[in-house]
Amino acid sequence: MDASLAFPCFDQPDLKARFTLEVTAPAAWTVIANTREQSVAPGVFRFPETRPLSTYQFAFAAGPFEQLPAPESETASVPTRLFVRKSVLARAKEEWPEVARYTRQGIAYLSGFFQQPYPFPKYDQVLIPGFPYGGMEHAGATFLREDSVLFRAAPNATDHQRRSVLVLHELSHQWFGDMVTMRWFDDLWLKEGFAQYMAFHALAELEPPAEVWKRFYESIKPIAYNIDGTPGTSPIYQKLNNLADAKSAYGPIVYQKAPSLLRVLNYKIGETGFRDGVRLFLKDHAYANATWQDLIQAFSTSSKQDLRPWADAWVTQRGMPVVTVQWACAAGKISDLQLFQQDSLKLGSLWPVSTELDLGGTPLPVSFSGAQTKVAQAVGKPCPDYVFANSGDHAYGRFLPDPKSAAAMRKGMDTVKDPLERALHWGALWDSVREAELAPSAYVDLAIASLPKETDLDITQSVLGRTGTAIRSYLSDSQRDAAAAKFEKVLMERMRSAESRDFRIAYFRALSGAASTGESLAELRKLLAGGSTIPGVPLQQRDRWSLVSTRSGREQPTRPRWSRRKARGTSRRTGSARPTRRWRGSRRRRTSGNTSTNS
């Protein structure tokens, strides 16, 4: 909404224009804009006319940037470059080959999937220090926050994948957002949700798909569920009456729930129907604007299904379904199985749900939309150890296991070989904790026993974070100290002995965030002072700052001189007795949020 502060314009996305730009700057500087620069004189940079753009897609950057071209081994029809400030050039040279590879492969894949060539004459990425967003998809010139690309903490595999998703997210915007733009900001999800989903969709073609979709579940779904289960949640479609409200629409509903629903839609209509619908939508609205109804119509045409009722339920209703299961067996066979759907906000809403039941390792596709559904096709199948109602993560909602299934999941967690299914089981148990159906101490005990044997990095990091929250926020005072001592002992041991560097980094980060016992805090002091090291993990600037922050929030400082003097109980000015004033060390509030201190 801020282009009007730079030049006169009607600053709204449904008014597009072709821009030309001329910049006067020091001759030694570099200027980057939506099109390729043409130097007409020393210090004068001219940029030819763009394709039709909304005002928020216009941008330029000027300064003493250094340019990194795509590696010589990379060949493509779209020119790609990286621009960085000189002081980080050495780090950028190390990281650029990987970023360039995902950029080039992403352009090739998305061009084919969309059946639309890359829509602009070139693609630059500009690293901006202190940029307020992870990235911004200006047409042909994406700006990225420098720290999002050049790691300031020792990175592990998750950090690299998070960066790849960011690169592909902003790249996807060149089609969804820049070429086809939402008509108004109430359809913000049309670009942001799609870019997020397509980033993972593209990554699943460049890396093992099972790993990518597991990461999608771990990094996207819990954030959306946590918001959608609260009274403050909103629908995906948010009616905005004026431009000043546009920035309020950004958040987990747009960035996490919307891509989750697109994955649900893909499952409902199939990959071919989804792909053909996207192609039709982009073809019909190229370099113009569209609404979410236009998108749903394209999908209805491609899938030969009327998707309007489905979309109305998921796009315009707040909240999500909470799905529970009741089942019984007789003579070794399932005799009854029923699904129950409730509104997370208790407003009486219902949603159409397509999912797969996991009958103790056997999937069973099922669709339902009512408050209670009898699953007749399950009757007569072998009696399972457990039933879970969202195998494969094809649906959206909170799927709570019944007590018998939850007990079987806890007992058999180590036997679930598929990482995604194991992640889903951990997630279901955590939801049971949050819904007060499973004791937090039971989750903590399971985590402490299972973490040393866990072989998946994403699951490890997720369980570490949730266990820290359970200890910090959900346990009683009498339970907390004992659980913290056991948990932090595991963290310290695995930080040093885990076979993989990625895991050692994960355990170090968990320890630096959770340390509360004297032994753990002493270990952090040694790491900070250099008296102790983590094998193969040199600490970087942000790692050290994390250690300083943890210590300052949880250690008792030495009483300062003024406090010791006043402790004698005498005022230097009057000589009269006065209450002793003592320094009170910081105590961390027991919340599920970030560490805060009171002094």
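All of the numbers you see were taken from the coordinates with simple rules; none came from a lab. If you're wondering where the values come from, they're calculated on a predicted model, not measured in any experiment. Quick reminder, even Gly has a Cβ in these numbers, built from the backbone with ideal geometry, and neighbours come from all protein chains shown.
In whole Å, what three semi-axes, largest first, describe the equivalent ellipsoid of region 136-246 built from its Cα gyration tensor (square root of 5 times each eigenvalue)? The partial results should precede the final answer.
On the way: eigenvalues 127, 73, 41 Å².
Equivalent ellipsoid semi-axes, largest first: 25, 19, 14 Å.
What FRET efficiency would be calculated for the residue pair R544, A331, taking the C-beta separation as r and a Förster radius of 56 Å, to the nearest 0.05?
Details: r = 64 Å, r/R0 = 1.14.
With a Förster radius of 56 Å, E is 0.30.
F388: net charge of surrounding residues, Cβ under 10 Å, Lys/Arg +1, Asp/Glu -1, itself excluded? Could you put the intermediate results ahead of the total?
On the way: positive: none; negative: E356, D358, D402, E421.
Net charge around F388: -4.
Could you compute Rg(Cα) / (2.2 N^0.38 Å) for the chain, with N its residue count? Walk me through the numbers on the way to the answer.
Working: Rg = 27.2 Å, N = 599, 2.2 N^0.38 = 25.0 Å.
For the chain, the normalised Cα radius of gyration is 1.09.
Per the chain: cysteines with no other Cys C-beta under 4.7 angstrom?
C9
Among L527, G177, A204, pick out the residue whose Cα is farthest towards the positive end of the charge dipole of the chain, where Lys and Arg carry +1 and Asp and Glu carry -1 on C-beta, about the Cα centre.
Result: L527, furthest along the dipole toward the positive end.
Give, rounded to the nearest 20 debye, the magnitude of the charge dipole that region 183-319 has about its Cα centre when Lys and Arg contribute +1 at Cβ and Asp and Glu contribute -1 at Cβ. Please list the in-between numbers first.
Numbers: 16 positive and 15 negative charges, 23 e Å.
Its charge dipole is roughly 100 debye.
Past the 23 angstrom mark, what percentage of all C-alpha to C-alpha distances in region 183-319 do you count?
Numbers: 3120 of 9316 pairs.
Roughly 33 percent, rounded to a whole number.
In whole angstrom, how far apart do the alpha carbon centroids of region 383-446 and region 447-503 sit?
18
Between F131 and L240, what is the spin-label point distance in nm, taking each point 7 Å from the Cα along the Cα→C-beta axis?
Calculated label separation equals 2.0 nm.
Taking the Cβ of E207 as the center, what net charge do the other residues with Cβ under 14 Å away carry, scoring Lys and Arg +1 and Asp and Glu -1?
Numbers: positive: R101, R162, R163, K214, R215; negative: E98, E205, E211, D458.
Net local charge, E207 excluded: +1.
Could you give the size of the charge dipole of the chain about its Cα centre, using +1 on the Cβ of each K and R and -1 on the Cβ of each D and E, expressed in debye and rounded to the nearest 20? Before the final figure, lay out the partial values.
Numbers: 77 positive and 61 negative charges, 777 e Å.
So the dipole magnitude of the chain works out to roughly 3740 debye.
Under the rule of -39500 (n - 2.57) per DSSP H run of 4 or more residues, summed and divided by the residues of the chain, what mean residue ellipticity at 222 nm is obtained, to the nearest 500 deg cm²/dmol? Please report the intermediate quantities before stating the final value.
Values: 17 runs with 248 residues, N = 599.
After summing the helix terms and dividing by the residues of the chain, the value is -13500 deg cm²/dmol.
Quick check on packing: order 403-414, 250-261 by the mean number of other C-beta atoms within 10 Å, highest mean leading.
Details: 403-414: 16.7, 250-261: 21.8.
Most protected by this proxy first, the peptides run 250-261, 403-414.
Which residue, T233, G361, F340, has the largest displacement toward the positive end of the dipole of region 227-380 when charges sit on each Cβ (Lys, Arg +1; Asp, Glu -1)?
Sorting the options by dipole projection puts first T233.
Percent antiparallel among DSSP beta bridges with both residues in the chain, to the nearest 5? It would help to have the intermediate numbers written out before the result.
Values: 44 of 59 bridges.
For the chain, the DSSP antiparallel bridge percentage is about 75.
Normalised by the number of residues in the chain, what is the relative contact order in percent for Cα pairs under 8 Å and 6+ residues apart?
Details: 1000 pairs, mean separation 53.0, N = 599.
RCO, the chain: 9 percent.
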